[in-house]
Amino acid sequence: MTFFDSSIAGRGEAGSKLILFGEHAVVHGTSAIAAGLEKGISATATFCDEPSSIYIKEWNISGNVSGNSTLDIALKKLLNSLFVKDKNIKIIASSHIPPGGGLGSSASLGAASAIAVGRLLDLSLTSADIENAVKESESVFHNNPSGVDAAAVLYKGLFLFNKITGVKKIEAELPELLVFDTGVSASTAQSVDIFTDRLENDLLGVQNLNRIKSIVEEAVNALVTKDIGTLGALMSENHEILKWFGVSSPELDDICNISLKYFSPGAKMTGGGRGGCAIVLVSEKTDVNGMMMEMTQKGYKRVI
Ligand code: MEV
């Protein structure tokens with residue numbers, strides 16, 4: 001028998017994100033350029049009799065606060081950060097983005113869930129409360145999240161993000177990009193460890209981190225001046241450096257190489273890497289049809 005009126009529900013929505021430049025380096029204190037996109041994850045929270053749980057329909061994944069999986073722990077941390085561990089809440093989520101694809105799925109899930117729970121319980125959450133809840137739940141997936149994903153799923157448009165200074169809007173439009181999914185899902189926490197290990201143990205680590213820092217500065221300028229040629233060259237260079245750090249994958253490199261063959265000005269992996277998605281810049285010279293055909297043949301699906 002149910003003691004709660006399951007027609008009382010809280011609903012929340014959060015977007016997805018693309019990191020254009022500076023992922024991984026942002027964990028170590030430099031800035032990244034990200035874009036918050038409209039479509040991400042929506043969630044509905046209702047009261048229930050059982051221990052609190054979460055289910056994501058499209059991924060067919062569930063978790064609950066009595067378990068010990070990554071999702072179970074993330075849910076526990078999310079609810080604890082909202083001070084609602086004594087309530088039984090069921091969250092059902094629906095996703096437009098793939099899990100572990102570098103598009104901010106874990107942050108979007110955390111944000112949509114926090115908003116839904118906040119509305120169910122009339123918590124009047126501020127955006128700082130929501131960002132904090134996302135960071136708490138994301139720490140399970142990311143070890144040491146910079147906060148760029150949490151910011152990007154909550155804010156729309158292009159911005160510069162830094163761990164210390166937060167979000168700074170970039171007065172420019174998002175350039176025309178195609179996003180391709182390798183179909184490989186990878187753990188961001190492991191990618192962050194791989195990057196950090198190389199940074200700390202290879203003599204060229206700091207030099208390459210500093211080059212990413214300069215690329216980000218040059219890219220802000222190229223975005224504002226709409227210099228697509230420079231932007232593409234910077235994307236490809238950023239990709240090569242991420243590859244050097246060990247966080248690319250054969251599929252991500254393949255997507256970038258195919259893009260260049262069809263006259264894209266530049267392409268790179270986005271997010272944690274070792275799988276997930278790559279972003280491809282498009283100009284009037286790009287043979288989009290040819291590129292789409294080869295990507296489809298190779299099984300790289302266009303997303304967003
Ligand atoms: C993941 O989307 C972005 C990383 O830079 C990790 C982070 O900033 O928390 C790889």
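The values are calculated or read from the model by the stated rules, or taken from the named source; none is laboratory data. Treat the numbers as computed from the prediction; the structure is a model and nothing was measured. Glycine also receives a Cβ, built like all others from the backbone with ideal geometry; neighbour counts cover every protein chain displayed.
What the table below lists for this structure:
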| quantity | calculated |
| --- | --- |
| Set 93, 133, 150, 112: member being surrounded by 22 or more Cβ atoms within 10 Å (Cβ to Cβ) and in contact (Cβ under 8 Å) with a residue 60 or more places away in the chain | 112 |
| Meets criteria (assigned by TED's automatic domain parsing to the domain that holds residue 259, aliphatic (A, V, I, L, M), on the phi < 0 side of the Ramachandran plot and within 13 Å of the ligand (Cβ to nearest atom)) for residue 153 | no |
| Selected residue (only one of 105, 124, 94, 113 is over 14 Å from residue 11 (Cβ atoms) and over 14 Å from the mean Cα position of the chain (by Cα)) | 124 |
| Some residue of segment 41-50 being at pLDDT 95 or above, under 24 Å from residue 146 (Cβ atoms) and crowded, with 20+ Cβ neighbours inside 10 Å | yes |
| Hits in segment 53-75 - residues which are under 14 Å from residue 110 (Cβ atoms) and of a type in the set (Ser, Thr, Tyr) | 70 |
| Sole residue being in a strand (DSSP E or B), assigned by TED's automatic domain parsing to the domain that holds residue 118 and basic (Lys, Arg), chosen from 85, 76, 90 | 90 |
| Which listed residue, of 77, 39, 17, is in contact (Cβ under 8 Å) with a residue 40 or more places away in the chain, under 22 Å from residue 192 (Cβ atoms) and touching a Gly at 6+ places or on another chain (Cβ under 7 Å) | 17 |
| Test: residue in segment 62-69 that is surrounded by fewer than 22 Cβ atoms within 10 Å (Cβ to Cβ), among the hydrophobic types (A, V, I, L, M, F, W, C) and in contact with a helix residue (DSSP H, G or I) (Cβ under 7 Å, 6 or more places away or on another chain) | yes |
| Selected residue (only one of 37, 78 is closer than 16 Å to residue 145 by Cα and among the aliphatic types (A, V, I, L, M)) | 78 |
| Residues (over 19 Å from residue 114 (Cα atoms) and among the charged types (D, E, K, R)) located in segment 12-49 | 23, 49 |
| Filter result (touching a strand residue (DSSP E or B) at 6+ places or on another chain (Cβ under 9 Å) and of a type outside the set (Ser, Thr, Tyr)) within segment 173-215 | 173, 174, 175, 176, 177, 178, 179, 180, 181, 183, 212, 215 |
| Residue list for segment 188-221, filter: surrounded by 17 or more Cβ atoms within 10 Å (Cβ to Cβ) and among the polar types (S, T, N, Q) | 188, 191, 196, 208 |
| Selection count where residues are hydroxyl-bearing (Ser, Thr, Tyr) and within 14 Å of the ligand (Cβ to nearest atom), scope segment 102-130 | 3 |
| Where a residue in segment 50-67 is at positive phi and its partner, wherever it lies, is part of a loop (DSSP other than H, G, I, E, B), with Cβ under 8 Å and at least six apart | none |
| Filter result for residue 185 (part of a loop (DSSP other than H, G, I, E, B), free of Cβ contacts under 8 Å to residues at least 12 places away in the same chain and more than 10 Å from the ligand (Cβ to nearest atom)) | no |
